[in-house]
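Only the coordinates and a few stated rules stand behind these numbers; no lab work does. These numbers come from a predicted model, not from an experiment. Positions of Cβ are backbone-derived with ideal geometry, glycine not excepted, and every protein chain shown enters the neighbour counts.
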Amino acid sequence: MFTFLFTVTVSLLCAAGTVSLCCLVEGSEVTQTPAILWGLKDSDAQMTCSHTKDSSYFQMYWYRQRPGEGMKQVAFTSTTSSPEYSGDFSADKFSAIKTVAESGSFTVKKLEAGDSGMYFCAVSEHSDTDNKYSCTKPPVFQ
């Protein structure tokens, strides 16, 4: 079972080298911080996702949707494994960390205009912890 916890709007303004990341938080079982991020071009932007579900929800998915495009899975992470990045996404550009079941963090490294978009977090509970696709396979939106 997947639970989408929040959306994060990331907008980049490259005037005078300034980058702004605006985050929209929605959902009754999640806290996402910060609500708005501001940073310089080439700096890093970190967002966190925490939930009030029980500790069996230890798997976390991060998605990005750019303006005019479909949603794409960026990363999967859990408390029991290293992060896995989807498609063209990599640890060179993104960092997903989950050391405890109830929260995780996601970092966009070296901000640039192409990082604009909506970022989403989802958590999942599975009975077979050795295979993240054993119960359901999360959709990768194109």
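For the reader, a short list of remarks on this structure follows.
- Karplus-derived 3J(HN,Hα) values for region 48-60, using 6.51 cos²θ - 1.76 cosθ + 1.60 with θ = phi - 60°, are 10, 10, 10, 9, 9, 6, 6, 5, 6, 8, 9, 9, 10 Hz; glycine and proline are entered as x.
- The local environment of S103, defined by Cβ-Cβ distances under 14 Å, has a net charge of -1 under the rule Lys, Arg +1 and Asp, Glu -1.
- Note on K41 and D54: the model spin-label points, each 7 Å out from Cα along the C-beta direction, lie 5.0 nm apart.
- Residue-wise HN-Hα coupling along region 102-107, computed from phi with Karplus coefficients 6.51, -1.76, 1.60 (Hz; x: Gly, Pro): 7, 7, x, 10, 9, 10
- Dimensionless Rg/Rh of region 30-125 - Kirkwood Rh, Rg from C-alpha atoms: 0.95
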